[in-house]
Amino acid sequence: MRRPPDPQLLGFLEAYDRPIADLALALREIILEEVPSASESIYQVYTVAIWFGFSGKMKDMFCFITTSSRHINLGFPRGATLPDPNRVLEGEGKAMRHIKFANQRDLERPLVRRYIRASIEQLGEAASGEGTGKTAVKSSVVTKKPAKSRRARS
């Protein structure tokens, strides 16, 4: 059974060009096809981030989507230890890695689902149960303070 996107998520994605928003929604659909009962936590600060897991707790998250103006990322919280036979994982931090997608064709590669499944397997027991199947919007738009005006010096 398909889970429609939360209306707030759709609103957050309006800040992006249509192809990027559609790409994020298509990747979301792929993740939920792999794990229909996954919990979904939506964050919107400087980017839209959609985290997927089994309990809603960050320690049980297996992947996330982030948006950028020209691409989206499929991120993995423990990506540094994921097998990467296709050499597509990017990032240099201690733990996280991501795969960039710039178009729909990129999402259709079979490796996308393989990396999602491998990330789930990393969780071990945490992934053995069912997720809540719920969506939670964890944060909303943060407004920036207006820039201080500078007086012209005479």
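Note on region 1-138: dipole from Cβ charges, positive end direction compared against ALA38, GLY124, ASN86; the farthest Cα belongs to ASN86.
Of the solvent-accessible surface of the chain, computed with a 1.4 Å probe and all protein chains present, 51% belongs to carbon and sulfur. Axis angle, to the nearest 10 degrees, between helix 111-122 and the longest C-alpha principal axis of the chain: 80 degrees. Per-peptide packing, taken as the mean over residues of other Cβ atoms within 10 Å, places 45-58, 81-94 in the sequence 45-58, 81-94 from highest down. Hey, got the dipole for the chain? About the Cα centre, +1 on K and R Cβ, -1 on D and E Cβ, debye to the nearest 20? The calculated dipole for the chain is roughly 1040 debye. Against the longest principal axis of the chain, how steep is helix 18-34, in degrees 0 to 90 to the nearest 10, with axes from Cα atoms? Value to nearest ten degrees: 30. Where (1) 91; (2) 105; (3) 150 are the candidate values, the label of the one calculated here for volume of the Cα convex hull per residue in Å³ is (3). Per residue, the chain exposes 63 Å² of solvent-accessible protein surface, assessed with a 1.4 angstrom probe and all protein chains in place. Simple point charges give the picture: +1 on the Cβ of Lys and Arg, -1 on the Cβ of Asp and Glu, and for region 69-137 a dipole about the Cα centre of about 220 debye.
A simple packing score, the average count of other Cβ atoms within 10 Å per residue, orders the peptides 35-41, 99-105 as 35-41, 99-105, with the highest score first.
The values are calculated or read from the model by the stated rules, or taken from the named source; none is laboratory data. These numbers were taken from a predicted model, which means no experiment stands behind them. Methodologically, a virtual Cβ is constructed for each residue, glycine included, from the backbone with ideal geometry; neighbour enumeration extends over all protein chains shown. Ligands, DNA and RNA are excluded from the accessible area calculation, which covers all protein heavy atoms including side chains. Shrake-Rupley method; radii C 1.70, N 1.55, O 1.52, S 1.80 Å.
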